[in-house]
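Trainee: One structure, pasted below without further comment.
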Amino acid sequence: MSPAAPETIPAAHPHAAYLALRTPIDAAIRRVLDSGWYILGREVDAFEREFATWVGAAHAVGVANGTDAVELALRAVGVGTGDEVIAPAHTATATIAAIEHAGAIPVLVDIEADTFGLDPEKLRATIAARRPAGRLRAVVVVHLYGHPAALDAIVPIVRDAGLALVEDCAQAHGARWQGRGAGTFGDASAFSFYPTKNLGALGDGGAVVTDDAATAGRLRSLREYGWRERFRSETPGVNSRLDEIQAAILRVKLKALEADNTRRRTIAARYTAALTGAGRAAPRVRDGAVHAFHQFAVLHPRRDAWRSALLERGVGAAVLYPHAIHEQPAYAGRVRIGEGGVATSERVCREVLCLPVYPQLSDEQVQRVVDALR
Ligand SMILES: Cc1ncc(COP(=O)(O)O)c(C=O)c1O
C-alpha cells in the first residue's frame, strides 16, 4: 500500500487560528456569556483602548466589519453625497462598495506592480486633472496584501491638494512605514477583523482608528444611528456595532499578533529564498517598509497553470482578486478611471497568486510549499 498523500495545505485556515488559542478564547466567550451584556460594553471599550495603543493611534472605534469601517471613516472625515473619492483599481471590492455607501463616487487609480499600492505619479496626475472641478474630497490608500503603500510620496500629494486621507488597513495589521504603524498616517484608518485577517475575529468585526478626538466622536455617533445621546440622532447614522464576544476574542488574539506577524515574516523569507533560488521574482519589500504578509502575493505570467501545478503538489493558493473593480458587472462602465489608465491593475489581476502564509502553518507544511516552489 502506498502511503496516503498529505492533505492539501489550504490557502487560509481560520479554524487553525482558533485552535491555536482555543482555551483563552473559550474562556473569553464564557466571560461575555456570563456577563449578560452583549453589545458595546466593557470588552469593546477595553479592546478599543488596547487596539489603539497597538496601532499607535489615540482612538479606536469598533464597528461591525471592515467595509463599514471604510464607509464610516470616509463619512467622519467629511465625505458625503456626490463627492469623488480616489481608490486603487486593484483592491477588495469592499473598498469601493464602502465609498459608494458613503454616497461618494469612486475614481479608480492604477497601482504599482511590485508593491500593489497606489501609483503616486498617476495619483498626482489624477488629482491635478480632477481637483479644479471641485468634487474630489478624499483618497483611500490600501495597503494591499500587507505591504504599506508608498506613503512618503502619497501623503504629501494628498495633503498639498487639501484632500482627506483614509487608510484601508484591512490587510495591514502590523505593517509599518519608516517606523510608523500603518493606520497612523490617515485622518482616519479602517481595519477589518474578518476571520482570515492578521487579526481575525470569529465572525465579523472592524475598527476605525484616528488621532483626532472630534473624528472619533463622530464615528461613535455614526456607528449607532447618529446618536449623540441615546434616542436622539444628530446625523443620519447606521447600525454598525462591534459585539462583546468578538471584542473579547480579539483581545485574546491581539496579544498574539506580534508573534503571529513575526511567524508570517519568517515563512515569507523561506518562500522568498526558494523563489529567488529558482530564478523567480519574490514580493518586493520596499526599503523602510515592514510587510505584514497578510498574503504572500506573487505575479506569474501563466498564473492559472502555476496554480494547478502547485495544487498537484498539495499547495492551495488563492487568487485575490481575479477582476479589477471596473471589470466587474456592478461597476463596469460606471466608475470613473483616473489619469494614465489602470493597465497595471488589470495585469496584476490576471497574474497574481497568493501562497499560504498564515502563522499556524507547521514547519513541515512550509517545507512542502518550499519544495513545490523549487
Ligand atoms: C482591502 C480590504 N478592504 C476592506 C475589506 C472589508 O472588510 P470586511 O470583509 O470585514 O467588511 C477587506 C476584507 O475583505 C479588504 O481586504
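Trainee: I'd like to know which of T272, A343, T262 lies farthest towards the positive end of the charge dipole of region 246-347, counting +1 on Cβ of Lys and Arg and -1 on Cβ of Asp and Glu.
Mentor: T262
Trainee: So if I place +1 on the C-beta of Lys and Arg and -1 on the C-beta of Asp and Glu, and nothing else carries charge, what would the dipole magnitude of region 228-374 be about its Cα centre? I want it in debye, nearest 20. Before the final figure, lay out each step's value.
Mentor: On the way: 24 positive and 16 negative charges, 20 e Å.
So the dipole magnitude of region 228-374 works out to roughly 100 debye.
Trainee: Then there is this: Take the alpha-carbon centre of region 303-374, take the same for region 189-233, and report the distance between them in whole Å.
Mentor: Region 303-374 and region 189-233 have Cα centres separated by 30 Å.
Trainee: Can you return the lysines within cross-link range of K197? Criterion is Cα-Cα under 19 Å, with same-chain partners fewer than 8 residues away left out.
Mentor: By straight Cα distance, K197 reaches K253, K255.
Trainee: Once you keep just the Cα pairs under 8 angstrom separated by 6 or more residues, what percentage relative contact order results for the chain?
Mentor: Working: 810 pairs, mean separation 90.2, N = 374.
It rounds to 24 percent for the chain.
Trainee: To continue, here is another question. Lys/Arg Cβ at +1, Asp/Glu Cβ at -1, dipole of the chain taken about the Cα centre: which of G206, G41, A297 is farthest positive-ward?
Mentor: The Cα lying farthest towards the positive end belongs to A297.
Trainee: Taking H placed 1.01 Å from N in the peptide plane, check which residues at least 5 places from G205 or on another chain put their amide H under 5 Å from its amide H.
Mentor: Close amide H contacts, sequence-distant or interchain: G66, F193, Y194.
Trainee: OK, next. Just how large is the dipole of the chain about the Cα centre, in debye to the nearest 20, putting +1 at every Lys and Arg Cβ and -1 at every Asp and Glu Cβ? Please list the in-between numbers first.
Mentor: Details: 43 positive and 42 negative charges, 49 e Å.
So the magnitude is around 240 debye.
Trainee: Treat the count of other C-beta atoms within 10 Å as a stand-in for reagent exposure and order W37, W54, W177 from fewest to most. Please list the in-between numbers first.
Mentor: Numbers: W37 12, W54 19, W177 22.
With the sparsest Cβ surroundings first, the list reads W37, W54, W177.
Trainee: Of the beta bridges DSSP finds with both residues in region 74-153, what % are antiparallel, to the nearest 5? Don't skip to the answer; put the middle values down first.
Mentor: Working: 1 of 9 bridges.
Beta bridges within region 74-153, antiparallel portion: roughly 10 percent.
Trainee: With 10 angstrom as the radius, rank K255, K197, K122 by how many other C-beta atoms surround their C-beta, starting from the fewest. Walk me through the numbers on the way to the answer.
Mentor: Details: K255 13, K197 25, K122 22.
Lowest to highest Cβ neighbour count: K255, K122, K197.
Trainee: Order these by the 10 Å Cβ neighbour count, fewest first: C354, C169.
Mentor: Numbers: C354 21, C169 35.
Arranged by neighbour count, lowest to highest, C354, C169 become C354, C169.
Trainee: Further question: Of S189, P120, G237, which is farthest towards the positive pole of region 114-240's charge dipole, taken about the Cα centre with +1 and -1 on the beta-carbons of Lys, Arg and Asp, Glu respectively?
Mentor: Of the listed residues, the answer is G237.
Trainee: With +1 on each Lys and Arg Cβ and -1 on each Asp and Glu Cβ, how big is the dipole of region 292-374 about its Cα centre, in debye rounded to the nearest 20? If you can, show how the numbers build up before the last one.
Mentor: Numbers: 10 positive and 9 negative charges, 39 e Å.
Dipole size: approximately 180 debye.
Just so you know, all these numbers are worked out from the coordinates, no wet-lab data involved. All figures in this text were calculated on a predicted structure; none of them were measured in a lab. Cβ: placed from backbone, ideal geometry, glycine included. Neighbour counts: every protein chain shown.
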